Every structure is written in structure tokens, then in C-alpha cells.
Amino acid sequence: MKKRFHFQYILRLSKSLPFGEVRRGFFFLLLAFCLLPFASFTQQQRFPKPEFSTGYEQPSTVVPEPRALAFEYFDVAVLLIVLSLTTWAVLKKRSRQYVLWLSLFTLAYFGFYREGCICSIGSIQNVTLSFANPNYAISVTALLFFVLPLAFTLFFGRTFCAGACPLGAIQDVVIMKPISLPKWLNKTLGLIPYLYLSLAVLFAATGTDFIICRYDPFVGIFRMDAKFHMVVLGIAFLLMGMFVARPYCRFLCPYSVLLSWMSRFSRHHMTITPSKCIQCKLCASSCPFDAIDYPTNEKEVIKSGLGPKRFLTYALVIPLWMAIGVFVGAKSHTFLSKANPDVYLAELLISKPEIKNDKDNIDVQTFLSSGKTLEMLVKEAEIIRNKFYIGSMIAGGFMGLVIGMTLLNTVVFRKRQDYEPHRGNCLSCARCMNYCPVEK
Amino acid sequence: METNKTQNRRKFIQNGVRLSLLLSLGTVSAAALRRVTADDYVWQIDPFECTQCGRCATECVKKPSAVKCVHAYALCGYCDLCGGYLKPGAIARDTGAENQLCPTAAIERRFIEEPYFEYIINEDLCIGCAKCVKGCTSFGNGSLHLQIIHDICDNCNECAIARVCPSNAIKRVKASEAYMVKGDFKKPKA
């Protein structure tokens with residue numbers, strides 16, 4: 001189309017001009033015009049490479065190599081060593097001091113030296129993407145960073161959180177005067193990680209975004225450089241963390257969901273006291289995370305009237321919660337899918353066709369010059385939106401299940417004679433051990 | 001005796017759940033292991049898909065950006081009238097600041113022999129704005145092009161520029177083939 005236009009234009013022009021030199025010039029122009037579109041197709045050079053007569057030697061393009069693969073494996077080795085040492089320090093050595101030093105090392109190495117990348121929390125998305133996108137193969141490093149802490153937690157409790165997580169470490173060192181949150185608030189805020197996890201998996205699976213990495217509040221501090229709002233968020237978390245201990249770990253971290261599942265059934269979870277509890281309650285006031293369960297007072301349980309009946313009701317309501325979740329998910333998928341750039345662009349072009357004339361809108365202009373038709377874009381966007389439809393229903397159902405199970409858990413009473421760490425929430429930081437007066 | 005029984009039952013359930021958690025963790029990792037690559041990933045710009053929008057200069061988490069202009073000398077025409085070096089409508093073809101397209105004067109122009117000039121990118125000054133790339137691609141051979149320089153790049157899990165790249169030119173590539181420098185890297189046939 002374009003070429004024909006040039007051709008006619010030149011023909012018309014050449015007719016109106018006399019023959020001779022001018023005409024010959026036009027032949028060159030014509031040639032140039034015809035070659036121009038070809039040049040980009042065949043990769044021919046518009047200007048041929050010169051032949052130098054002065055013996056000039058053409059420099060070669062130098063590009064520095066990326067970080068060697070060996071160093072990536074070194075990171076895995078460091079993680080493995082730190083994990084093992086922390087586990088040993090918590091379970092065998094029973095020393096807060098050792099855990100503290102290990103977490104400081106983690107903060108320095110994985111935090112400030114490795115600048116927060118790669119981390120186990122973000123690796124959830126890599127694993128998800130490797131399942132969702134056939135063109136993406138996960139690297140061994142990312143997979144090991146995902147699996148190792150979970151495997152350790154399944155056997156020894158959340159020692160990863162205590163000593164091997166840089167995000168945990170930076171919050172741990174700023175704890176000044178932790179306050180105890182009411183139980184209902186703890187439980188309610190504890191639902192956020194589930195929501196965060198489902199959204200992170202949804203966004204990663206649809207190839208939209210890695211929200212865990214994007215909204216990591218501390219990576220900006222590790223790198224000493226970030227967007228303004230992320231710096232504000234990071235500092236806000238640290239300030240809050242002085243009084244509400246480790247707020248990100250307890251009320252946001254999506255990896256904590258998986259760790260908490262593993263830890264609940266861990267084989268050798270740490271214990272507060274090395275031998276027999278003397279019910280002194282010192283440990284409970286030492287725990288900044290409200291993760292120590294009190295001994296059950298059976299009289300109170302009977303008085304509160306919570307019993308099998310309520311348990312049954314709550315259990316039967318779970319499907320209803322799930323149905324509500326699926327409904328909410330189905331309703332919100334349109335909104336959620338707008339986070340995907342393709343869907344967003346397609347919607348924009350349909351709802352505001354006049355945006356095509358906006359020369360400053362880079363996305364629209366790039367799309368228009370890419371040769372892709374609107375139909376193709378809409379088709380792609382529809383496929384992505386469909387994924388969002390299914391994905392957000394699953395996520396909604398999952399959230400419903402979590403809410404239902406959390407409620408159900410509030411009416412389940414386990415008999416406890418002693419002060420015990422809550423296996424799901426305990427971060428194995430070993431503070432309580434320091435306070436326990438019982439000698440080994 | 002009674003408590004013993006409860007304890008045994010609880011232990012049995014715990015063991016069962018632990019085993020199933022271990023199994024599911026194993027399944028997930030085995031499934032991921034089937035699609036694993038021993039190579040690591042890095043981010044790189046496909047120069048043939050890049051539209052020189054200028055976002056590389058502003059969106060990278062590094063300041064200045066880890067994206068720099070590289071020069072494929074093998075493709076360069078060594079033009080005197082260089083579309084990547086001189087501003088459109090420049091008064092003179094010389095190294096005068098008012099004639100330079102590059103906002104940071106990161107391109108050095110050197111006379112080789114009549115009528116050829118060599119252009120060298122000073123990486124420390126380059127901010128990856130792609131102005132020269134646009135000029136060179138539109139009017140010249142396209143020997144100037146953007147690449148992510150890996151000793152600067154943090155290799156974020158998700159590249160902040162890739163997220164907003166309008167032409168999806170930034171991709172994960174294998175770390176063993178970390179660059180798409182024009183000349184060695186040919187345009188893939190459609």
C-alpha cells in the first residue's frame with residue numbers, strides 16, 4: 001500500500017519534470033524508495049560497511065557476562081547452611097544469641113549483598129509460572145529456594161523465618177516494644193496472607209505480574225534505591241514493626257501460609273522448655289508475636305457453651321463460605337484482569353477509540369505500529385480474561401474455605417496443660433527459651 | 001489408658017498429614033523438576049522488537065538504568081551524517097554540544113579517515129534513553145541498539161522495564177546466551 005503510493009507519487013512527479021540529469025536523480029530516488037521497505041526485511045545495510053585504507057581496526061562490541069552460574073549455586077549452598085545452622089541453634093543449642101547472629105548474617109548476605117533477589121517468598125511465582133507457561137522453565141536455583149525452606153519446616157518448624165529470611169531479619173532487628181494484639185485482630189489480619197497468596201498465584205499464572213516482588217516493602221531498603229512510595233511503605237513497615245513485631249511476616253507474607261501449613265505438622269518443632277513446664281508464664285510475655293498458646297481452662301470452655309453443636313454449624317457453613325467466595329471471585333475477575341497490560345490495552349481501545357490519535361500514549365502508538373489488528377489483541381485479551389475468570393473463582397473458593405476453617409478453628413479446643421508455641425504461627429526465633437527458668 | 005489412646009490417635013493423624021504434605025511437596029517439586037533448566041535466566045532486550053519508546057531510561061530499578069546503548073561496529077556505516085549522533089536539523093556536523101542528539105553526550109565521535117567517523121558509547125554516561133537508537137534505526141544501519149548490561153543489572157525476579165515495555169521486547173533469556181547484540185544475533189525469521 002505504502003510502496004504503491006510512493007511509486008505513483010514519483011511517477012506523477014517525474015512526468016512533470018524534464019528529462020536529463022534531474023530525471024536520473026529521480027531514478028536513484030525511486031530506487032531508494034523501493035529499497036527502503038526491503039532494507040528492513042532483508043537486513044541489508046543502508047550504508048555499506050566502509051573499506052578503510054588507513055589500517056583502522058574496527059573495535060569489537062564488549063559485553064560483560066552475567067553473574068556466573070556457580071555463584072547462583074553458591075547462594076543455594078549458603079541458604080542450606082544457614083537453614084541447617086538455624087535449625088541446630090534452635091533445636092539443639094536452644095540459643096537466641098546464635099539465631100540472632102545467623103539472622104544478621106542473612107540480612108547482610110541475602111539482604112544487602114544479594115539485594116533481596118532471589119528470595120523464597122518470590123519463588124512461589126516462579127514455580128507457578130513454570131506450571132502455567134509452557135515457554136518458561138524454572139531455574140534450579142529458584143526451585144531449590146522454594147522447596148528447601150518448606151522441607152526444613154516440615155521437619156523442624158519455621159526455622160527459615162527465624163534465621164534464613166532477609167525480610168524477617170530486617171524486621172526482627174527493629175523490634176523495640178512489641179504490643180500484644182487482641183486475638184480476634186490477630187486472626188482477622190492473619191487471613192491477609194491467604195488472600196495475598198491467592199492473588200500472587202493468580203497474577204503469576206496469568207502471566208500478568210509478580211506482585212510479591214513488585215510490592216516487596218524491604219527490597220528498596222536492601223538496594224538503597226526504590227520508587228518513592230515503596231521507600232515510604234518500607235519505612236512505614238519498619239516503624240510499625242517496632243511495636244507490632246514483624247508485621248509483614250505475620251499479616252502479609254504469602255510464603256508464611258505454606259510454611260505455617262508445614263510447621264503445624266512438623267516432626268521436631270521447638271519446645272519452650274527443655275524439660276517440664278512450671279507454668280510461670282514468663283515465655284508468654286516474652287513472645288513478641290503472640291504465638292504462645294496458654295493452657296486451656298476447662299471450666300471456661302464449658303461455661304462459654306461452645307461445643308459440638310456450634311462446631312457442626314460452623315462445619316456445615318463452610319460450603320456456603322466457599323460458594324460466596326466463588327461468587328465474589330467470578331464477579332471480580334473483570335476488575336482483576338485489568339492488571340494485565342494486554343487486557344487493559346484492549347479495553348482502552350474499545351472504550352475510547354479516539355485514544356488512537358493520542359500521540360503521547362506510547363502503548364497505543366506501539367500497538368498501532370506493530371501491525372497487529374485490534375481483533376487479534378481482543379482475542380488474546382479474551383483468552384487471558386478467561387484464565388482470570390477460572391482463576392479468580394478458584395481463588396475465591398479457596399478464600400471461602402480459609403475463612404470457614406478459621407472460624408471452625410475458633411470453636412475447636414485442644415487440651416493443653418502447659419504453655420506451648422502455636423505451631424503455625426511460631427517463628428522459632430528462640431526468644432522464649434531465653435526466658436524459661438527451667439534448667440536443662 | 002484413655003489419654004494414651006487419644007495421644008496415639010492424634011499422633012497417627014499428625015503423621016498422616018505430615019506424610020501427605022511431604023508427598024504433595026514432592027509432587028510439586030517433581031512436576032517443576034520436569035521443566036527445570038540447569039541454566040539461569042537473565043533479562044535481555046530483543047533489538048529487533050524494541051521500539052525505542054524511552055521507558056528503559058525511566059523504569060529500571062537502577063538509577064541510571066542498567067540498559068545501555070551498545071554499538072555493533074560490524075553494522076556501522078561510519079557515516080559523517082550520523083542519525084544517531086546528530087540532532088535533526090543540526091547546524092554543523094561536528095562535536096558541538098548543540099548538535100548532539102544524546103542528552104548526556106555519551107557518544108564520542110572520532111575521525112577515522114575521509115569520509116568516515118567512528119562512534120563510541122561511553123557506558124558510564126549512557127542512560128539508555130534510546131534517542132540515538134531511534135535516530136540510527138530510522139536513518140542509518142541500526143548499529144546502535146539497547147542491551148541490558150549484566151554487570152549492572154540486578155536481575156530482578158520480574159524486570160520492572162519488561163512490565164511496561166510496550167512491544168514486549170524484554171524477555172527472559174538463558175544466562176549462557178545473555179546478549180542479543182546485533183550482527184551475531186540475527187532477526188528471527190517470521
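Computed quantities for the displayed model
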{"read-out": "Residue within segment B:67-88 that is open to solvent by 40 Å² or more (accessible area, probe 1.4 Å), at the interface with another protein chain (Cβ under 9 Å from one of its Cβ atoms) and within 23 Å of A:ILE362 (Cβ to Cβ) present", "value": "no"}
{"read-out": "Hits in segment B:1-26 - residues which are over 20 Å from A:ARG267 (Cα atoms) and either in a helix (DSSP H, G or I) or open to solvent by less than 70 Å² (accessible area, probe 1.4 Å) (or both)", "value": "B:GLU2, B:THR3"}
{"read-out": "Residue within segment A:177-200 that is surrounded by fewer than 22 Cβ atoms within 10 Å (Cβ to Cβ), over 25 Å from A:LEU100 (Cβ atoms) and within 14 Å of chain B (Cβ to nearest Cβ) present", "value": "no"}
{"read-out": "Hey, A:LEU148 open to solvent by 40 Å² or more (accessible area, probe 1.4 Å) and more than 16 Å from the chain's Cα centre (by Cα) or not", "value": "no"}
{"read-out": "Every residue from segment A:86-95 that is open to solvent by 30 Å² or more (accessible area, probe 1.4 Å) and in a helix (DSSP H, G or I)", "value": "A:TRP88, A:LEU91, A:LYS92, A:LYS93"}
{"read-out": "Unique residue being of a type in the set (Asp, Glu) and in contact (Cβ under 8 Å) with a residue 40 or more places away in the chain when the list is B:GLU118, B:GLU177, B:GLU98, B:GLU114", "value": "B:GLU118"}
{"read-out": "Residue under evaluation B:ALA92, criteria (1) assigned to a loop (DSSP other than H, G, I, E, B); (2) within 12 Å of another protein chain (Cβ to nearest Cβ); (3) not aromatic (Phe, Trp, Tyr), criterion not met", "value": "(2)"}
{"read-out": "Residue in segment A:137-147 that is at the interface with chain B (Cβ under 10 Å from one of its Cβ atoms), without any contact (Cβ under 8 Å) to a residue 12 or more places away in the chain, closer than 30 Å to A:GLY400 by Cα and in a helix (DSSP H, G or I) present", "value": "yes"}
{"read-out": "Out of A:SER180, A:SER103, sole residue that is in a helix (DSSP H, G or I), hydroxyl-bearing (Ser, Thr, Tyr) and in contact with an Asp or Glu (Cβ under 7 Å, 6 or more places away or on another chain)", "value": "A:SER103"}
{"read-out": "Any hit, segment A:211-232, residues being closer than 27 Å to A:VAL328 by Cα, away from chain B (no Cβ under 11 Å) and of a type outside the set (D, E, K, R)", "value": "yes"}
{"read-out": "Which listed residue, of B:GLY128, B:GLY142, is small (Gly, Ala, Ser), under 13 Å from the mean Cα position of the chain (by Cα), assigned to a loop (DSSP other than H, G, I, E, B) and crowded, with 21+ Cβ neighbours inside 10 Å", "value": "B:GLY128"}
{"read-out": "Matching residues in segment B:153-190 - criterion: being more than 8 Å from every other protein chain (Cβ to nearest Cβ) and part of a loop (DSSP other than H, G, I, E, B)", "value": "B:CYS159, B:CYS165, B:ASN168, B:ALA169, B:MET180, B:ASP184, B:PRO188, B:LYS189, B:ALA190"}
{"read-out": "B:CYS60 being crowded, with 16+ Cβ neighbours inside 10 Å, more than 10 Å from every other protein chain (Cβ to nearest Cβ), at pLDDT below 95 and under 22 Å from the mean Cα position of the chain (by Cα)", "value": "yes"}
{"read-out": "Answer from A:ARG267, A:ARG223, A:ARG246, A:ARG214 - the residue that is open to solvent by 30 Å² or more (accessible area, probe 1.4 Å) and under 19 Å from A:GLY157 (Cα atoms)", "value": "A:ARG267"}
{"read-out": "Residue, farthest from the other protein chains (Cβ to nearest Cβ), within segment A:55-67, restricted to residues that are open to solvent by 90 Å² or more (accessible area, probe 1.4 Å) and either acidic (Asp, Glu) or over 43 Å from the mean Cα position of the chain (by Cα) (or both)", "value": "A:GLU57"}
{"read-out": "Search result, residues across segment A:396-423 that are open to solvent by less than 50 Å² (accessible area, probe 1.4 Å), hydroxyl-bearing (Ser, Thr, Tyr) and assigned to a helix (DSSP H, G or I)", "value": "A:THR406"}
{"read-out": "Qualifying residue in segment B:103-119 (condition: crowded, with 20+ Cβ neighbours inside 10 Å, among the β-branched types (Val, Ile, Thr), over 14 Å from the mean Cα position of the chain (by Cα) and within 21 Å of B:PRO47 (Cβ to Cβ))", "value": "yes"}
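Let's see how each residue does on (1) at pLDDT 90 or above; (2) more than 27 Å from the chain's Cα centre (by Cα); (3) over 16 Å from A:ALA151 (Cα atoms):
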| site | (1), (2), (3) |
| --- | --- |
| B:VAL17 | yes, yes, no |
| B:LEU21 | yes, yes, no |
| B:ALA32 | no, no, no |
| B:ARG35 | no, no, yes |
| B:ALA38 | no, no, yes |
| B:TRP43 | yes, no, yes |
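The values are calculated or read from the model by the stated rules, or taken from the named source; none is laboratory data. Treat the numbers as computed from the prediction; the structure is a model and nothing was measured. Heads up, the Cβs are rebuilt from the backbone with ideal geometry, glycines too, and the neighbour counts pull from every protein chain shown. Surface accessibility is based on the protein's heavy atoms, side chains included, excluding ligands, DNA and RNA. Shrake-Rupley method; radii C 1.70, N 1.55, O 1.52, S 1.80 Å.
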